[in-house]
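J.: Have a look at this one before I ask anything.
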Amino acid sequence: MTTVHNAEPVALDMVAPLEPARFRDEVAAAVRGGARLSAWFHHQGRLWAALARDEAGEIQLACAPVQGSYPALTPRCAQAHWFERELFEDSGIRPEGHPGLKPIRSGTADFFRVEGEEIHEVAVGPVHAGVIEPGHFRFQCHGEDVLHLEISLGYQHRGVEAMLAGGPDRRTIHVVETLAGDTSAGHGAAYCQAVEALSGARVSARAMALRGVALELERLANHAGDLGALANDVGYLPTASFCGRIRGDFLNMTALLCGSRFGRGLLRPGGVGFDAEAGLRRELLRRLDEALRDAAGAVELLWKSESVMARFEGAGTLAAESCLELGLVGPAARAAGLDRDVRHDFPHGVYAFAQIPVSTARTGDVFARAYVRWLELQRSAAFVRDLLEHLPQGRLRAETGPLAAERICVSLVEGWRGEICHVAVTDGQGRFSRYKVVDPSFHNWFGLAAAMRGQPISDFPLCNKSFNLSYCGHDL
Amino acid sequence: MFKALIARLKQGHRTTPWPDGPAPELPERFAGRPRLDASRCRDGCAACAAVCPTGALSGGALDLGRCLFCRACVEACPERAVEFTREPAMAARRREDLVVRGGAYRLAEALEAESRRVFGRSLKLRQVSAGGCNACESDLNVLGTIGWDLGRFGVQFVASPRHADGLLVTGPVTANMREALLKTWAAVPSPKLVIAAGACAISGGPYRGRPEAHDGCGQLLPVDLFIPGCPPHPLTTLDGILRLLGRLG
Ligand code: SF4
Ligand code: SF4
């Protein structure tokens, strides 16, 4: 295997193909040793794996020739479950011995069923009751209790990886910014890092800091929104309505920077599209303080309300071992005590210079997922404050020249849902021959299904919201 | 309980007085309705069209149905012929009305009298999300928060198509969502409306031309209102819906 760092390209021929059985053994052994499967895909007759070693801050790349089929990794490594289904669906290559081989994006009629006289099945979606994305949920229940939940997605599949191949072109950045529309800065950063690394562009300290502001404002808005939505799902309306508005306050801060509430146009290869001059920074700081004060007032109510805590505590518990085994990322993993955070483990850009403490909880339940968000919200706000108060000088945007040919580059970013992984592979002309995207939701949907086992079905909306995963980021 | 009440007092009243009072202030860098001054264009120059990600610009016209409001064209134009104002009102009744030439623009007109009688004071919409990036949905949800309080106009998103007067579609309509969209449409009792919100639902947006998706819902349903944006600002959406219902201007 070849060791690289975050956003450090390596020549394709530096990653020597392994013999297939050895490839599988080495990947399984690395995962047993604590590595995470960040990406797994097929490209030009080879299987590729990108393994993240959080403690070492290193990424290991491996590949092996493949044709038609190969012995599945999943029986030895649960993290590969979803990846191998994706691979099968996309390339037709069959992982032999996979325990649940079916497509993840083109629907299935073949749901796992629990048999028995008292078992009943509940089907929900794809069109849901609220203003939300489509997805299908199939529950096997005994009375109120969920024995098994199968999640069937793909309704948002619009072919973005295929669109990105052949780029970069004038549409690429817009496709990247809309991989998951609530994570424009997160995916934007992952893409920019990859392009800058492949073209050798140097991003100024000022641009790096402004990207940090964009990423953390995105986290602030979404975490505030999620805390409000969780309050709403247990019928605690004061926090629900306050947080709904506070989320908007954070989005409007991003709009102050770039005109778009979702940060469209803010991150661009080589730097940023907009500056924050002194007056604008003062206004942002004023609004930041106000929003944080309001958030504290609204969120603290949750922890002090017995009726809320009674619903949050012990609901949808996912133990640390399960999170490890399934390869969960982001607040969902940190809520169970796993201290993985790309900002800390694979720091790039501004995070290489300024640290942000990793927030964890222990219990792995809805409460812990909510509480981690609150801790992160406070720490992100402090981080943004610091960046704005000490914004370094530098040009906004550097030129990005042509991309180096025949390279592979893994780019990681801690989005607000967790690790975003982009893998860019270039051809002989420096064009993307492959652009693999792994949204954090790709890892975590299975975690939601696991967390629902043995839970009352009436707790599903609450558990679902505590993960708040992306459909479009998964479906691509 | 007291803590909740005190918090409630501190948070105050936050619903925008618009349309009876001033609209919430839009940020200075907000990209609203563009103006195009083709008289400034040099002969044969197509610098703007060359950078546009969605082919929204051609022959001195800018198609808001395709526009992502990225402003790459503004940067590329040597003559400052394209300019984005902060004007949020952009919704139109007909697809061709979304094409900007010069400064004049035909905003959405109200439904005709009978439809207005039926929908004007109570409009229930079923939202169908069909393959976009979810930012459109996010900013639709915002209309339900206390800042906008959509319900005060009698407009509401409902859970069942059977309870709805129409659909509000977002996303380009992926192949995988086509059937669900058509079934939902069939389940809405007549008379019924279709609102296409966002570049995706109008033209396919950033995904235009993909075989995995249609280029918007207009290929499948009769659209009554087009709301441009990527995503449309909540004010643009609310303005469009109120115009449709004849409750503005
Ligand atoms: S702002 Fe609209 S018209 Fe101009 S380049 Fe972007 S998408 Fe094209
Ligand atoms: S129009 Fe833009 S914001 Fe709306 S769903 Fe499509 S890509 Fe997302």
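J.: Looking at B:167, B:220, which is the one that is closer than 22 Å to residue A:125 by Cβ, more than 11 Å from ligand 2 (Cβ to nearest atom) and away from chain A (no Cβ under 12 Å)?
T.: Working: B:167 fails: away from chain A (no Cβ under 12 Å).
After applying the criteria, what remains is B:220.
J.: While we're looking at this one, here's another question. Return the only residue of A:224, A:240 being within 23 Å of residue A:469 (Cα to Cα), touching a Cys at 6+ places or on another chain (Cβ under 6 Å) and in a helix (DSSP H, G or I). If you could, list the steps in order and put the result at the bottom.
T.: Details: A:240 fails: touching a Cys at 6+ places or on another chain (Cβ under 6 Å).
Only one candidate passes the filter, namely A:224.
J.: Here is a follow-up. Give the residues of the stretch B:102-135 that are within 16 Å of ligand 1 (Cβ to nearest atom) and modelled with pLDDT of 90 or more, sorted by residue number.
T.: B:105, B:132, B:133, B:135
J.: Which ones in the stretch A:351-370 are in contact with a helix residue (DSSP H, G or I) (Cβ under 8 Å, 6 or more places away or on another chain) and buried (at least 24 other Cβ atoms within 10 Å of the Cβ)?
T.: If the condition is that a residue be in contact with a helix residue (DSSP H, G or I) (Cβ under 8 Å, 6 or more places away or on another chain) and buried (at least 24 other Cβ atoms within 10 Å of the Cβ), then A:364, A:366, A:367, A:369, A:370 are the ones that fit.
J.: Sticking with this one: Select, from B:160, B:190, the only residue that is free of Cβ contacts under 8 Å to residues at least 24 places away in the same chain and either within 9 Å of chain A (Cβ to nearest Cβ) or more than 16 Å from ligand 2 (Cβ to nearest atom) (or both).
T.: Working: B:160 fails: free of Cβ contacts under 8 Å to residues at least 24 places away in the same chain.
None of the others qualify; the one that does is B:190.
J.: For the stretch B:160-175, what are the residues that are surrounded by 24 or more Cβ atoms within 10 Å (Cβ to Cβ) and under 12 Å from residue B:215 (Cα atoms)?
T.: B:170, B:171, B:172, B:173, B:174
J.: Return the residues of the stretch B:28-46 that are buried (at least 18 other Cβ atoms within 10 Å of the Cβ) and under 30 Å from residue A:246 (Cβ atoms); say none if nothing qualifies.
T.: Selection gives B:29, B:30, B:31, B:32, B:33.
J.: Here is a further query. Take the stretch B:60-71 and flag every residue that is out of contact with any Ser or Thr (no Cβ under 7 Å at 6 or more places or on another chain), within 15 Å of ligand 2 (Cβ to nearest atom) and among the aliphatic types (A, V, I, L, M).
T.: Within the stretch B:60-71, just B:64 meets the criteria.
J.: A further question on this structure: Among the listed residues B:49, B:23, B:104, B:89, which satisfies the condition of being away from ligand 2 (no atom under 16 Å from the Cβ), assigned to a loop (DSSP other than H, G, I, E, B), among the aliphatic types (A, V, I, L, M) and more than 30 Å from residue A:241 (Cα to Cα)? Spell out how you get there, then give the answer.
T.: Details: B:49 fails: assigned to a loop (DSSP other than H, G, I, E, B); B:23 fails: more than 30 Å from residue A:241 (Cα to Cα); B:89 fails: more than 30 Å from residue A:241 (Cα to Cα).
Going through B:49, B:23, B:104, B:89 in turn, just one is away from ligand 2 (no atom under 16 Å from the Cβ), assigned to a loop (DSSP other than H, G, I, E, B), among the aliphatic types (A, V, I, L, M) and more than 30 Å from residue A:241 (Cα to Cα): B:104.
J.: Just wondering, is there one or more residues in the stretch A:232-251 that are closer than 26 Å to residue A:169 by Cα, within 14 Å of chain B (Cβ to nearest Cβ) and not charged (D, E, K, R)? Break it down stepwise before answering.
T.: Just the residues of the stretch A:232-251 that are closer than 26 Å to residue A:169 by Cα, to begin with: none.
No, the stretch A:232-251 contains no residue that is closer than 26 Å to residue A:169 by Cα, within 14 Å of chain B (Cβ to nearest Cβ) and not charged (D, E, K, R).
Residues checked against (1) part of a loop (DSSP other than H, G, I, E, B); (2) under 21 Å from the mean Cα position of the chain (by Cα):
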position: A:129; (1), (2): yes, no
position: A:163; (1), (2): no, yes
position: A:188; (1), (2): no, yes
position: A:201; (1), (2): yes, no
position: A:206; (1), (2): no, no
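J.: Of everything in the stretch B:25-47 that's at the interface with chain A (Cβ under 10 Å from one of its Cβ atoms) and under 18 Å from residue B:91 (Cα atoms), which residue is farthest from ligand 1 (Cβ to nearest atom)? Spell out the reasoning first.
T.: Restricting attention to the stretch B:25-47, the residues satisfying the condition of being at the interface with chain A (Cβ under 10 Å from one of its Cβ atoms) are B:25-32.
Remaining after also requiring under 18 Å from residue B:91 (Cα atoms): B:26, B:30-32.
Values: B:26: 17, B:30: 13, B:31: 7, B:32: 11 Å.
Going through the qualifying residues, I end up with B:26.
J.: Among the residues of the stretch B:128-159 satisfying the criterion of being surrounded by 15 or more Cβ atoms within 10 Å (Cβ to Cβ) and touching a His at 6+ places or on another chain (Cβ under 9 Å), which is nearest to residue A:475 (Cα to Cα)?
T.: B:131
J.: Let me ask something else about it. Has the stretch A:346-365 got at least one residue that is farther than 29 Å from residue A:150 by Cβ, modelled with pLDDT of 95 or more and assigned to a strand (DSSP E or B)?
T.: Checking the stretch A:346-365: not a single residue is farther than 29 Å from residue A:150 by Cβ, modelled with pLDDT of 95 or more and assigned to a strand (DSSP E or B).
J.: Still on this structure, please answer the following. Show the residue pairs that are 6+ apart or on different chains and have beta-carbon atoms under 7 Å apart, the first residue being within the stretch B:48-65 and within 10 Å of another protein chain (Cβ to nearest Cβ) and at positive phi, the second being within 16 Å of ligand 2 (Cβ to nearest atom) and of a type in the set (Lys, Arg).
T.: If the second residue must be within 16 Å of ligand 2 (Cβ to nearest atom) and of a type in the set (Lys, Arg), the pairs left are B:55/B:66.
J.: Then there's this: Would the stretch B:170-184 turn up any residue that is more than 10 Å from chain A (Cβ to nearest Cβ) and either within 21 Å of residue A:173 (Cα to Cα) or within 16 Å of ligand 2 (Cβ to nearest atom) (or both)?
T.: There is no residue in the stretch B:170-184 that is more than 10 Å from chain A (Cβ to nearest Cβ) and either within 21 Å of residue A:173 (Cα to Cα) or within 16 Å of ligand 2 (Cβ to nearest atom) (or both).
J.: Let me ask something else about it. I'd like to verify a number: residues in the stretch A:426-476 that are surrounded by fewer than 22 Cβ atoms within 10 Å (Cβ to Cβ) and either aliphatic (A, V, I, L, M) or touching a Ser or Thr at 6+ places or on another chain (Cβ under 6 Å) (or both), how many?
T.: Result for the stretch A:426-476: 5.
J.: Another one. Report the residue count in the stretch A:162-202 for those that are acidic (Asp, Glu) and within 16 Å of ligand 2 (Cβ to nearest atom).
T.: Initially, the stretch A:162-202 is screened for residues acidic (Asp, Glu), giving A:169, A:177, A:182, A:196.
If we keep only those that are within 16 Å of ligand 2 (Cβ to nearest atom) too, we end up with A:177, A:182.
Total satisfying the criteria: 2.
J.: More than 30 Å from residue A:282 (Cβ to Cβ) and charged (D, E, K, R) - does that describe any residue in the stretch A:374-388? Before the answer, list the steps.
T.: If we filter the stretch A:374-388 for residues that are more than 30 Å from residue A:282 (Cβ to Cβ), which is where we start, we get none.
No, that holds for no residue.
J.: Moving on to the next point. Go through the stretch A:95-104 and report how many residues are within 14 Å of another protein chain (Cβ to nearest Cβ) and surrounded by fewer than 20 Cβ atoms within 10 Å (Cβ to Cβ).
T.: Taking the stretch A:95-104 and keeping what is within 14 Å of another protein chain (Cβ to nearest Cβ), we get A:103-104.
Imposing the further condition that a residue be surrounded by fewer than 20 Cβ atoms within 10 Å (Cβ to Cβ) reduces the set to A:103.
Residues that pass the stated criteria total 1.
J.: Looking at A:37, A:18, A:12, which is the one that is in contact (Cβ under 8 Å) with a residue 24 or more places away in the chain and within 21 Å of residue A:333 (Cα to Cα)?
T.: Numbers: A:18 fails: within 21 Å of residue A:333 (Cα to Cα); A:12 fails: within 21 Å of residue A:333 (Cα to Cα).
Checking each option against the conditions leaves just A:37.
J.: How many of the residues making up the stretch B:4-20 are within 17 Å of residue A:245 (Cβ to Cβ) and in a loop (DSSP other than H, G, I, E, B)?
T.: 7
J.: Restricting attention to the stretch A:55-94, report how many residues are charged (D, E, K, R) and surrounded by 19 or more Cβ atoms within 10 Å (Cβ to Cβ). Explain how you work it out, then say what you get.
T.: Quick first cut of the stretch A:55-94, residues charged (D, E, K, R) only: A:55, A:58, A:76, A:84-86, A:89-90, A:94.
The next check asks that each one be surrounded by 19 or more Cβ atoms within 10 Å (Cβ to Cβ); those that pass are A:84-86.
Within the stretch A:55-94, residues that are charged (D, E, K, R) and surrounded by 19 or more Cβ atoms within 10 Å (Cβ to Cβ) number 3.
J.: Go through (1) buried (at least 17 other Cβ atoms within 10 Å of the Cβ); (2) not in a loop (DSSP other than H, G, I, E, B) and name the single condition residue B:69 misses.
T.: Of everything listed in (1) buried (at least 17 other Cβ atoms within 10 Å of the Cβ); (2) not in a loop (DSSP other than H, G, I, E, B), residue B:69 misses just condition (2).
J.: Moving on to the next point. State yes or no: is residue B:215 in contact with a Lys or Arg (Cβ under 8 Å, 6 or more places away or on another chain) and within 16 Å of ligand 2 (Cβ to nearest atom)? Break it down into steps so the answer makes sense when it comes.
T.: Details: in contact with a Lys or Arg (Cβ under 8 Å, 6 or more places away or on another chain): yes; within 16 Å of ligand 2 (Cβ to nearest atom): yes.
For residue B:215, the condition - in contact with a Lys or Arg (Cβ under 8 Å, 6 or more places away or on another chain) and within 16 Å of ligand 2 (Cβ to nearest atom) - is met.
J.: With the requirement that a residue be buried (at least 23 other Cβ atoms within 10 Å of the Cβ), over 24 Å from residue A:433 (Cα atoms) and within 9 Å of chain B (Cβ to nearest Cβ), what does the stretch A:132-182 give you?
T.: A:133, A:134, A:155, A:181, A:182
J.: Now a separate question. Six or more apart or on different chains, Cβ atoms under 9 Å: show the pairs whose first residue is in the stretch A:183-212 and within 12 Å of residue A:409 (Cα to Cα) and within 14 Å of another protein chain (Cβ to nearest Cβ) and whose second is buried (at least 22 other Cβ atoms within 10 Å of the Cβ) and hydroxyl-bearing (Ser, Thr, Tyr).
T.: A:191/A:411; A:191/A:435
J.: Could you identify the single residue in B:234, B:206 that is within 11 Å of chain A (Cβ to nearest Cβ), touching a Leu at 6+ places or on another chain (Cβ under 6 Å) and buried (at least 24 other Cβ atoms within 10 Å of the Cβ)? Outline the logic, then answer.
T.: Numbers: B:206 fails: touching a Leu at 6+ places or on another chain (Cβ under 6 Å).
None of the other options fit; the residue is B:234.
J.: Test residue B:240 against the criterion of being assigned to a helix (DSSP H, G or I) and buried (at least 24 other Cβ atoms within 10 Å of the Cβ), and give yes or no. Working first, answer last.
T.: On the way: assigned to a helix (DSSP H, G or I): yes; buried (at least 24 other Cβ atoms within 10 Å of the Cβ): yes.
Yes; evaluated as a whole, the condition is true for this residue.
The values are calculated or read from the model by the stated rules, or taken from the named source; none is laboratory data. From a predicted model like this one, the values you see are computed outputs, not experimental measurements. Backbone-built Cβ (ideal geometry, glycine too); neighbour counts: all protein chains shown.
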